[in-house]
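Engineer: Let me give you the structure first, and then I'll get to my questions.
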Amino acid sequence: MGLSSRHLLGLDGAPKSDIELILETAVSFKEILGRPIKKVPTLQGKTIANLFFESSTRTRISFELAERRLSADVVNFSASGSSVSKGETLKDTARNIEAMKIDMVVIRHNAAGTAHFLTRVVQAAVLNAGDGCHEHPTQALLDMYTLKEKFGSLEGLRVCIVGDISHSRVARSNIYGLRTMGAKVSVCGPATLIPREIEKLGVEVYHRIDDVLPKVDALNVLRIQMERQAGGLFPSLREYNRFFGVTKDRLEKIDHPITIMHPGPINRDVELSADVADGPHSVILDQVLNGVAIRMAVLYLLGTTQ
């Protein structure tokens, strides 16, 4: 049994069976990461190109580590210092790289739909590592894996995504994936940072963090993405922290523990206080490790069906 598609472009419309297969496969790869020798020959002979047109630390390192753990040959591409700065188009960049016999392409780009576009111009399998404000499927998959590891099941789990929903590809992929797996999803943030009619995606909307805390099992707290905003969407970072920041004082008022997640990087003491980020209910570092296992699983499932 394999995935229903030879690409992973997003979780919107992804079959439940595909998500379940990825999560189940990741369990085996996480076990490998705990061994003294953390490498398997699964993708030996395959060549993977990482095309990153946006800055990235966690995602890029996680993908590269996953690829090397699977014994693939890795080619890293960065827009800075490349022919892109001379005016080369994405199409020409991708086709020139593929001419070097690349089997898979991992792409991050600031334009939504880039991964879909790439599937029309190259024969290699395409894996979306984040396209603009559209989707970031592997981040959502590692979030779901972390929650399933913590709670045993996603069915009926109450998860709230807090913060800058409008500019977040992580939020969209999480909503699609969690809803498919039977979780109850809500979003919380200033009205200026929540898309219109997001309720049509099957989520509840809150504009006060104190209203949502008693009703959820887990919070996925998002970074305020200043680089994607035109400005003026909320008065100040201090004001945002006052009304939406997840703090120890707020959590101590709740009669049950809440699991705290964050895709990183964290704006400490803005969306998440330092004592919560480093506290006992935080699974942020678990997410980082699980990201390698999830990406190994996706690369394996796509790479062995070529």
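The values are calculated or read from the model by the stated rules, or taken from the named source; none is laboratory data. Everything numeric here is computed off the predicted structure, so don't read it as measured data. Backbone-built Cβ (ideal geometry, glycine too); neighbour counts: all protein chains shown.
Engineer: Please specify each residue of the stretch 255-293 satisfying the condition of being farther than 20 Å from residue 159 by Cα and in a helix (DSSP H, G or I).
Structural biologist: 274, 275, 289, 292, 293
Engineer: Given (1) of a type in the set (A, V, I, L, M, F, W, C); (2) at pLDDT 95 or above; (3) out of contact with any strand residue (DSSP E or B) (no Cβ under 6 Å at 6 or more places or on another chain), where does residue 162 come up short, assuming only one miss?
Structural biologist: Among (1) of a type in the set (A, V, I, L, M, F, W, C); (2) at pLDDT 95 or above; (3) out of contact with any strand residue (DSSP E or B) (no Cβ under 6 Å at 6 or more places or on another chain), the lone unmet condition for residue 162 is (3).
Table: residues versus (1) more than 20 Å from residue 55 (Cβ to Cβ); (2) crowded, with 24+ Cβ neighbours inside 10 Å; (3) not assigned by TED's automatic domain parsing to the domain that holds residue 71.
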residue: 102; (1), (2), (3): yes, no, no
residue: 111; (1), (2), (3): no, no, no
residue: 126; (1), (2), (3): yes, yes, no
residue: 149; (1), (2), (3): yes, no, yes
residue: 153; (1), (2), (3): yes, no, yes
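Engineer: I'm trying to understand the selection: among the residues of the stretch 35-63, which are surrounded by 20 or more Cβ atoms within 10 Å (Cβ to Cβ) and touching a Leu at 6+ places or on another chain (Cβ under 9 Å)? Walk me through it before giving the result.
Structural biologist: In the first step, residues of the stretch 35-63 are kept if they are surrounded by 20 or more Cβ atoms within 10 Å (Cβ to Cβ); the result is 43, 46, 48-53, 59, 62-63.
Within the stretch 35-63, 43, 46, 48, 51, 53, 62, 63 meet the criteria.
Engineer: Follow-up question, since we're still on this one. Go through (1) at pLDDT below 95; (2) in the same structural domain as residue 56 (by TED's automatic domain parsing) one by one and return the number of the condition residue 243 breaks.
Structural biologist: Condition (2) is where residue 243 drops out.
Engineer: Among the residues of the stretch 261-300 satisfying the criterion of being touching an Asp or Glu at 6+ places or on another chain (Cβ under 9 Å) and of a type in the set (Asp, Glu), which is nearest to residue 209 (Cα to Cα)?
Structural biologist: Residue satisfying both the conditions and the ranking: 271.
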